[in-house]
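Have a look at the structure below, then the notes.
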Amino acid sequence: MDLKGKIVVVTGATSGLGLAFSEALVEKGSVVYGLARRQDRLREITGDLGPTFRGIRCDVSNESDVENAFTQIMSESGQVDVLVNNAGLGRFGKLVDTSTEDWDLQMQTNLRGVFLCSRAAVKPMTIQNEKVGFGGHIVNISSVAGLVGNPLVSAYNATKFGLKGFSEALMKELRSDGIKVTCMYPGSIDTDFFTEAGADIAANPMTPQDITSTLVHTLEAADNYLISEIAMRPLRPRG
Ligand SMILES: NC(=O)c1ccc[n+]([C@@H]2O[C@H](COP(=O)([O-])OP(=O)(O)OC[C@H]3O[C@@H](n4cnc5c(N)ncnc54)[C@H](OP(=O)(O)O)[C@@H]3O)[C@@H](O)[C@H]2O)c1
């Protein structure tokens, strides 16, 4: 896909990976709709990136927030070419210390949010496929925690393994409608994620820009070339 002029939705655009994705896609000439809860951060980012970054306050786990966001995008731009389901969080700890609220928060953000945003994006993508023979591209940000279980990460593991299954099913369901689905499985990246998770970051993590380079490569692949899954890790996580 040539990203110039394309309508891209990035969830969790206010920090870390989502911010790096937004910066790179604006640079590529896309119109980027950044969805997140912190309105003040969205305004600052629009100030930095200019009018082709359009922030919409949206809690991805809230059905009416997601419906309103996609209604606004469709009325302003008439299409969704790319959806990057990036918003997500972890709350690490022993199972016995995991509150029901923390379990629910991870499920609602990392899985319900992906379901709500994907369902909203697939409708216009399907119509676009009928018109021009290519529907669009959905990229889901899972984690190596979607491939490998580990102590103290059980709730987060469950969401990211869940996202693997969701992505594989959706990829097979939508490919005949000209819609690509890619699932990415990154290891440690230097973002605010670990503060929220209450865990130590690896000594030598990847950068958000490392992951962004692979996102852009994946989106720019030829229409009939579907990169469905990618795992990425730091070479020397302990430095
Ligand atoms: N960092 C890592 O090592 C790593 C590794 C593998 C996978 N990942 C995955 O990468 C993704 C991005 O994480 P990150 O590392 O960039 O962390 P981050 O810097 O903490 O960013 C998380 C983003 O998600 C947004 N968000 C959280 N809950 C949301 C909600 N309910 N609705 C809308 N937006 C929400 C936050 O924005 P607001 O607070 O403004 O809503 C923020 O922009 C996550 O899915 C994470 O699981 C991270």
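Apart from one condition, G34 fits all of (1) touching an Asp or Glu at 6+ places or on another chain (Cβ under 8 Å); (2) within 13 Å of the ligand (Cβ to nearest atom); the exception is (1).
Based on this model, can you work out whether V66 counts as touching a helix residue (DSSP H, G or I) at 6+ places or on another chain (Cβ under 7 Å), assigned to a loop (DSSP other than H, G, I, E, B), within 23 Å of K6 (Cβ to Cβ) and among the β-branched types (V, I, T)? The answer is no for V66.
Evaluate the following for V148: is it surrounded by 17 or more Cβ atoms within 10 Å (Cβ to Cβ), modelled with pLDDT of 95 or more and within 27 Å of I189 (Cα to Cα)? Judged against the criteria, V148 is not a match.
Search region 21-36 for residues being in a helix (DSSP H, G or I) and of a type outside the set (A, V, I, L, M, F, W, C), and hand back the single one that is surrounded by the fewest Cβ atoms within 10 Å (Cβ to Cβ). Walk me through it before giving the result.
Taking region 21-36 and keeping what is in a helix (DSSP H, G or I), we get 21-27.
Narrowing the set further to residues that are of a type outside the set (A, V, I, L, M, F, W, C) leaves 22-23, 27.
Values: S22: 28, E23: 19, E27: 14.
Ranking the candidates gives E27 first.
Here K160 meets each of (1) basic (K, R); (2) away from the ligand (no atom under 15 Å from the Cβ); (3) surrounded by 14 or more Cβ atoms within 10 Å (Cβ to Cβ) with one exception, condition (2).
So which of F21, F53 ends up being aromatic (F, W, Y) and under 26 Å from Y225 (Cα atoms)?
Working: F53 fails: under 26 Å from Y225 (Cα atoms).
Step by step, each of F21, F53 is checked, and only F21 is aromatic (F, W, Y) and under 26 Å from Y225 (Cα atoms).
Restricting attention to region 178-194, the residues that are near the ligand (Cβ under 10 Å from one of its atoms) and either assigned to a strand (DSSP E or B) or at pLDDT below 95 (or both) total 4. Selection of first residues in region 194-220 that are in contact (Cβ under 8 Å) with a residue 24 or more places away in the chain and of second residues that are polar (S, T, N, Q) and within 12 Å of the ligand (Cβ to nearest atom), restricted to Cβ pairs under 6 Å at least 6 apart or on distinct chains, gives the following pairs, ordered by first then second residue: A202/S188; P205/S188.
Residue by residue, here is whether (1) touching a residue at least 24 places away in the same chain (Cβ under 8 Å); (2) surrounded by fewer than 20 Cβ atoms within 10 Å (Cβ to Cβ); (3) within 10 Å of the ligand (Cβ to nearest atom) holds:
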{"position": "I7", "(1), (2), (3)": "yes, no, no"}
{"position": "L19", "(1), (2), (3)": "yes, no, yes"}
{"position": "R38", "(1), (2), (3)": "yes, yes, yes"}
{"position": "R41", "(1), (2), (3)": "yes, yes, yes"}
{"position": "F53", "(1), (2), (3)": "yes, no, no"}
{"position": "V66", "(1), (2), (3)": "yes, no, yes"}
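Scanning region 203-233 for residues that are touching a strand residue (DSSP E or B) at 6+ places or on another chain (Cβ under 9 Å) and among the small types (G, A, S), we see that the one that is farthest from P151 (Cα to Cα) is A221. Scanning region 142-193 for residues that are closer than 17 Å to Y225 by Cβ and of a type in the set (A, V, I, L, M) gives M171, L174, I179, V181, M184. The single condition among (1) within 12 Å of the ligand (Cβ to nearest atom); (2) part of a strand (DSSP E or B) that D200 does not satisfy is (2).
Among the residues that make up region 121-139, is at least one of them in a loop (DSSP other than H, G, I, E, B), hydroxyl-bearing (S, T, Y) and farther than 21 Å from T14 by Cα?
Within region 121-139, the subset in a loop (DSSP other than H, G, I, E, B) is 133-135.
If we keep only those that are hydroxyl-bearing (S, T, Y) as well, we get none.
The answer is no; no qualifying residue exists.
Which one is farthest from the ligand (Cβ to nearest atom), of the residues in region 81-104 that are surrounded by 16 or more Cβ atoms within 10 Å (Cβ to Cβ) and assigned to a helix (DSSP H, G or I)?
W103
Residues of region 149-163 that are touching a residue at least 24 places away in the same chain (Cβ under 8 Å), in a helix (DSSP H, G or I) and either more than 27 Å from T126 (Cβ to Cβ) or within 14 Å of the chain's Cα centre (by Cα) (or both): S154, A155, Y156, A158, T159, K160, L163.
Of the residues making up region 69-80, those that are exposed (fewer than 15 other Cβ atoms within 10 Å of the Cβ), out of contact with any Phe, Trp or Tyr (no Cβ under 9 Å at 6 or more places or on another chain) and outside any loop (DSSP other than H, G, I, E, B) are T71, S75.
The values are calculated or read from the model by the stated rules, or taken from the named source; none is laboratory data. These figures come from a predicted structure and were not determined experimentally. Glycine also receives a Cβ, built like all others from the backbone with ideal geometry; neighbour counts cover every protein chain displayed.
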